[in-house]
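This report concerns only the one structure given below.
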């Protein structure tokens, strides 16, 4: 299906990356379990948080190491799916899965305290959406895809920027959550607007923009980082990325832009509804709600 049958198990499931993700997940359960007594203020972690963390790790693995990751090199639609999963879905799930007492311990040893201004709402939104949009300029995208070290570094920086962007909405520390419900609503709209130009450029482009999805030689070189053997053989066997694509390159690009924007709109629209509902109730004193309950309740339902 979609050409995956032509690739080996290791190419599809990235065993080393899978092992790393399993190791991190195991470490999480050890820290919140047997080692939790070593942390000040530690409390039992509810099942909902454990499920959230595991789901976040699963989504991140599928996007960066599983079959969806490989498909992201074959079709631009799946590339944008991996981007959405990696930076709009996985970060909030992982952040909600980490208990407040563990966050406090992590932030105590934070070597980047002097860069704390990057977590300020407007700065975080501009940095994340700016990095995401900059990456999707054709020349930048193709360069990153063709240089493995740059590719990994850029994705790591983008993931950190995504966490900073989500921090305003998911802040798991009640004592640090100073943002009002109305401000959070404005922040959601800001993020929705900032990503629109990049998606619009992709959707309404008159021709294919990315050589890694339209030029067979560039595509084969980029594929060399996710498949074993001589990438030039890919050209001999498949001829190029169009072998795997059920759509034309242009349509695939357009669909990819639509998928990215749709996922973003769905996630933030859901968040907007929950934040507005709980903010309205809090403002009208229909219930006595703490910052922690406001934060967790709105996000667990989003």
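The values are calculated or read from the model by the stated rules, or taken from the named source; none is laboratory data. All of these numbers come straight from a predicted model, not from anything done at the bench. For neighbour counting, all protein chains shown are included, and Cβ atoms are generated from backbone atoms with ideal geometry for every residue, glycine included.
A single member of 90, 100 is surrounded by 22 or more Cβ atoms within 10 Å (Cβ to Cβ), farther than 21 Å from residue 241 by Cβ and touching a residue at least 24 places away in the same chain (Cβ under 8 Å), and it is 90. Kindly indicate whether residue 74 is modelled with pLDDT of 95 or more and crowded, with 18+ Cβ neighbours inside 10 Å. Considered against the rule, which asks whether it is modelled with pLDDT of 95 or more and crowded, with 18+ Cβ neighbours inside 10 Å, residue 74 comes out as no. Within segment 50-71, the set of residues being free of Cβ contacts under 8 Å to residues at least 60 places away in the same chain, more than 10 Å from the chain's Cα centre (by Cα) and either buried (at least 22 other Cβ atoms within 10 Å of the Cβ) or not in a helix (DSSP H, G or I) (or both) comprises 53, 61, 65, 66.
Here residue 247 passes the criteria (1) in a helix (DSSP H, G or I); (2) modelled with pLDDT of 75 or more except the one numbered (1).
Of all residues in segment 142-167, those being over 16 Å from residue 69 (Cβ atoms) and surrounded by 18 or more Cβ atoms within 10 Å (Cβ to Cβ) number 8. Working only within segment 210-232, note down all residues that are under 27 Å from the mean Cα position of the chain (by Cα), closer than 16 Å to residue 11 by Cβ and in a loop (DSSP other than H, G, I, E, B). Result: 224, 225, 226, 227, 228. Number of residues in segment 191-209 that are surrounded by 15 or more Cβ atoms within 10 Å (Cβ to Cβ) and more than 18 Å from the chain's Cα centre (by Cα): the value is 6.
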